[in-house]
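J.: Got a structure for you, questions after.
The values are calculated or read from the model by the stated rules, or taken from the named source; none is laboratory data. The shown structure was predicted, so the numbers you read here are calculated from the model rather than taken from an experiment. With ideal geometry, Cβ positions are generated from the backbone for all residues, glycine too; neighbour counts draw on all protein chains shown.
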Amino acid sequence: MSPQGLPRGLAKISHSVIIIMKKLLIFLIAPLLLAACAPDESQFKSDVPISRPAFEDRAAITETSEYSAPAPLPDSINLDVPFYSQAPDADWSLPWQEACEEASIALAFHSFSGEILTKEQFKKEVLDLVEWQKEHFGDYISTTIDQTAQMLEGYYGFTDYRILESPSIGDLKKELAAGHIIVAPFAGRMLGNPFYSGEGPYYHMMVIKGYDQTNFITNDVGTKRGLNFIYPYQTIMSAMHDYHPSNIQSSPKRIITLQ
């Protein structure tokens, strides 16, 4: 007899059943615990509807005269920009894991092209842009704002853009209110995106497409959840840095605006 008063064979069976039940319980509870710990995606999504530019021309919100002041900015705006992540098939091997610049300018360009951007076309253009950079820069990893602008012009033939140095929150909002899509570089780990893998990328680039009263609205190509992803104003401004190989936080704030 076992110490519990059961026949030894029956005690062994009972012990095996308990182990199986424990494993089954862990199997059932673990997903629930993981779900409870996972960030709530809805907290990072903008509810500002897609909207048209508030002004036909940037001059309407920047120029003043003796008789008039700049027009007031709208409280919110969310420009229509297509979205795919930089790894649209969830394949984060090379070149996709380093394709944030290519993905961002493809999305930004097609917000003006008037053409529907399919996933297959998007993938083709990202790979084409990788090859274009290899030919012109010798590499495609960690493209600066200047190089990204060259890529926009050289591959797409798009010249209606400006590079802004040290933009303020107000500058970004004015550009967006005028219907100008922004492509901006970042020290990726300063963004604090909970959906990035690990600590996040050292260097990142994404599209800024709108704002509300406290956040900028982005299409963040660094995650499949990046459509209409919001970041507080200060997070965007603090993390905004052009590429630097070793000390990215020392690099200046620069953006491309497509007009």
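J.: Output the number of the condition that Glu175 fails; it satisfies all remaining conditions of (1) of a type in the set (D, E, K, R); (2) assigned to a loop (DSSP other than H, G, I, E, B); (3) in contact with a strand residue (DSSP E or B) (Cβ under 6 Å, 6 or more places away or on another chain).
T.: Here Glu175 meets the rest and fails (2).
J.: Does at least one position in the stretch 225-239 carry a residue that is at positive phi and modelled with pLDDT of 95 or more? Lay out the reasoning, then the answer.
T.: Step one: of the stretch 225-239, the residues at positive phi are 228.
Now narrow it down to the ones that are modelled with pLDDT of 95 or more: 228.
Yes; the residues of the stretch 225-239 include at least one that is at positive phi and modelled with pLDDT of 95 or more.
J.: Hey, another quick one. Kindly indicate whether any position in the stretch 219-241 is under 16 Å from Asp146 (Cα atoms) and either in the same structural domain as Pro53 (by TED's automatic domain parsing) or without any contact (Cβ under 8 Å) to a residue 12 or more places away in the chain (or both).
T.: yes
J.: If you check Arg189, Arg162, which single one turns out to be over 22 Å from Leu94 (Cα atoms) and either modelled with pLDDT of 95 or more or surrounded by 22 or more Cβ atoms within 10 Å (Cβ to Cβ) (or both)?
T.: Numbers: Arg189 fails: over 22 Å from Leu94 (Cα atoms).
On inspection, the qualifying residue turns out to be Arg162.
J.: Please work out which residue is surrounded by the most Cβ atoms within 10 Å (Cβ to Cβ), limiting yourself to the stretch 219-245 and to residues that are small (Gly, Ala, Ser) and under 15 Å from Ser85 (Cα atoms).
T.: My answer is Gly222.
J.: Tell me, please, whether a residue that is in a loop (DSSP other than H, G, I, E, B), touching a Pro at 6+ places or on another chain (Cβ under 8 Å) and surrounded by 20 or more Cβ atoms within 10 Å (Cβ to Cβ) can be found in the stretch 206-218. Full working, then the answer.
T.: If we filter the stretch 206-218 for residues that are in a loop (DSSP other than H, G, I, E, B), which is where we start, we get 212-214.
From what's left, touching a Pro at 6+ places or on another chain (Cβ under 8 Å): 214.
Keeping just the survivors that are surrounded by 20 or more Cβ atoms within 10 Å (Cβ to Cβ) gives none.
Scanning the stretch 206-218 turns up no residue that is in a loop (DSSP other than H, G, I, E, B), touching a Pro at 6+ places or on another chain (Cβ under 8 Å) and surrounded by 20 or more Cβ atoms within 10 Å (Cβ to Cβ).
J.: Now, a different point. Of the residues in the stretch 157-172, how many are of a type in the set (Val, Ile, Thr) and either free of Cβ contacts under 8 Å to residues at least 60 places away in the same chain or in a helix (DSSP H, G or I) (or both)? Before the answer, list the steps.
T.: Here is the first cut: in the stretch 157-172, the ones of a type in the set (Val, Ile, Thr) are 159, 163, 169.
Filter again for either free of Cβ contacts under 8 Å to residues at least 60 places away in the same chain or in a helix (DSSP H, G or I) (or both), leaving 159, 169.
Residues flagged as of a type in the set (Val, Ile, Thr) and either free of Cβ contacts under 8 Å to residues at least 60 places away in the same chain or in a helix (DSSP H, G or I) (or both) within the stretch 157-172 amount to 2.
J.: On to the next question. Residues of the stretch 227-251 being out of contact with any Ser or Thr (no Cβ under 6 Å at 6 or more places or on another chain) and either assigned to a loop (DSSP other than H, G, I, E, B) or among the hydroxyl-bearing types (Ser, Thr, Tyr) (or both), which ones?
T.: Scanning the stretch 227-251 gives Leu227, Tyr231, Tyr233, Thr235, Ser238, Pro245, Ser246, Asn247, Ser250, Ser251.
J.: Quick one: is Thr223 under 8 Å from the mean Cα position of the chain (by Cα), of a type outside the set (A, V, I, L, M) and outside any strand (DSSP E or B)? Step through it out loud before you land on a result.
T.: Values: under 8 Å from the mean Cα position of the chain (by Cα): yes; of a type outside the set (A, V, I, L, M): yes; outside any strand (DSSP E or B): yes.
In short, yes.
J.: Based on this model, can you work out whether Ser197 counts as in the same structural domain as Leu73 (by TED's automatic domain parsing) and either of a type in the set (A, V, I, L, M, F, W, C) or in a loop (DSSP other than H, G, I, E, B) (or both)? Break it down into steps so the answer makes sense when it comes.
T.: On the way: in the same structural domain as Leu73 (by TED's automatic domain parsing): yes; either of a type in the set (A, V, I, L, M, F, W, C) or in a loop (DSSP other than H, G, I, E, B) (or both): yes.
Answer is yes for this residue.
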